[in-house]
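Every read-out reported here was derived from the displayed coordinates using simple, explicitly stated rules and does not represent laboratory data. No experiment lies behind these values; they were computed from the predicted model shown. Every residue, glycine as well, gets a Cβ built from its backbone with ideal geometry; the counts of neighbours run over all protein chains shown.
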Amino acid sequence: MKKPNFIFKEIVVMAIDNLKANKFRSFLTVLGIVIGVMTVIAIASLLTGLRKNLVSMIEEYGTNNIYAFHLSTGPRVGNRDRAERLRKPLTEEQAEIIRTQASAVNDVADALFVNWSDSTVQYKDKKYRRGNVTGVSPNYSEIVNLSVGQGRFFTEVDEQHRRNVMVVGVNVAEALFPNTSQVVGSKVTFVGKEFEVVGVLEKRKSSFLGENDEDNDVLVPYRTARKVSPRSETLMLIVQSHTGKLQQALGQVQEILRRERSVKFNEPDNFDLGTADRFVEQFDSIIGGIGIIAILVSSIGLLVGGIGVMNIMLVSVTERTKEIGIRKAIGAQNKDIIVQFLFEAMTLTFLGGLLGVMLAVAIGQTISFLVPTLPGVIPLWAVTLGLVVSVLIGLVFGVWPATKAARLDPIECLRYE
């Protein structure tokens, strides 16, 4: 009597030999599985890379920060409703109340998004029009972990005297001063006035997707921005909590803003409080929806692949009727025939899944090469899931052909031509 291990090896050899004999047909059969597995892993790779970049960027800005704004912040899908668009902006007075009354808050920075029709910064014949113009308080750099590569950041003296000074991002400096490294002290024209560049920001290490917007920053003192653009009202408060007291600070800030903005107890907040954890949660909810769509799309390919495997295995049963009869005649039992055809089906779908994984890895590497800031991280769980699902498809869709082969009468099989 043959040992089970020997029988298994024999079945493996027979299955692989049969697949080798019909290479092209086998490839066409599992093409749907290849596409399905490749789609799931490629999308999982892309979303994992995006999430990794988002988490890294948020952590670089500070994990103890609360971003208070009158509109919703963070990753979002769709447009804001009318009620949200009509919300009143936060105020400098509300920032001061938070600073003085919230015991868990360490400091509060003001960031005024300046509304100018023309925000061009000009130095001699060079112009830069893509600057993100923001009026910020002197403590802004410490709270959001800004690093100044050249010169300095604003001081309280600059703030109180409303001086015409600015700190610019590296893209702004490179565009306006392409042939010199000495940017600090230069005088530029901005909103029809002369400003002195007192500092250049270091390039941020992290970015969410491609270039970091901070590299295009044009920062001026908060009170200077109020002076030259008195109609600008869009204010964000960056609230820094004491270490280990983020949740306590979050509750205190929410309570103060609800009171100061006259929100009734049964009404939702008319402002948004964003934290690092909340931004990640919002992003996870978005990629969760994208993941479900990807699974549904790939399921179609996997279903088509499974049907193709079942069809080709039924054809294989017909083609190998005489072989089945001979095996049964020399002692093969029904379970041996079932195991043989099931293993062939699972081997076929496993190879399809493996090819899908290889193509997904190739796509991920290509993305990493073309967009270095967006690493194509291949999650191990996606690879494992893709291979397991592909084998299960072979098992499920191979049952009928295997059962049909096992039920064949050996005498009729030997007579088959």
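Ranked by the mean number of other Cβ atoms within 10 Å per residue, highest first, peptides 136-144, 171-179 order as 136-144, 171-179. One equal scatterer on each Cα of the chain, no solvent, Debye formula: the resulting log10 I(q)/I(0) at q = 0.07, 0.09, 0.12, 0.13 Å⁻¹ is -0.55, -0.72, -0.98, -1.09. Computed about its Cα centre, the charge dipole of the chain is approximately 1040 debye, with only Lys, Arg, Asp and Glu carrying charge at their Cβ. Cross-linked pairs 126/193; 124/187; 126/203; 127/187; 203/227; 328/404: Cα-Cα separations exceed 19 Å for 126/203; 203/227. Angle of helix 31-61 to the longest C-alpha principal axis of the chain, folded into 0 to 90 degrees and rounded to 10: 20°. Need one word for the range 115-231: rounded, prolate or oblate. Basis is the Cα gyration tensor (sqrt eigenvalues a ≥ b ≥ c); a/c below 1.5 gives rounded, then a/b vs b/c decides. It is rounded, given that a/c, with a ≥ b ≥ c, falls under 1.5.
Using 0.36 nm per residue, how much length does the chain from residue 55 to residue 27 gain when fully extended, once their Cα-Cα distance is taken away?
This chain segment gains 6.1 nm when fully extended.
The listed peptides 40-52, 80-92, ordered by packing as a protection proxy, come out as 40-52, 80-92 (highest mean of other Cβ atoms within 10 Å first).
Take each peptide in 127-134, 340-347, count the other Cβ atoms within 10 Å of every residue, and average; sorted highest first, the result is 340-347, 127-134.
Shown in residue order for the range 342-359 are the 3J(HN,Hα) couplings computed by the Karplus curve 6.51 cos²θ - 1.76 cosθ + 1.60 at θ = phi - 60°: 5, 5, 4, 5, 5, 5, 4, 6, 4, 5, x, x, 5, 5, x, 4, 4, 5 Hz (x for Gly and Pro). Each residue, residue 286 and residue 193, gets one label point 7 Å from its Cα in the Cβ direction; the gap between the two is 3.6 nm. Using the Cβ-Cβ distance between residue 127 and residue 266 with R0 set to 60 Å, the FRET efficiency from 1/(1 + (r/R0)^6) comes to roughly 0.70.
The helix-only estimate of mean residue ellipticity at 222 nm for the chain, built from DSSP H runs of length n ≥ 4 each weighted as -39500 (n - 2.57), is -18000 deg cm²/dmol after division by the residue total.
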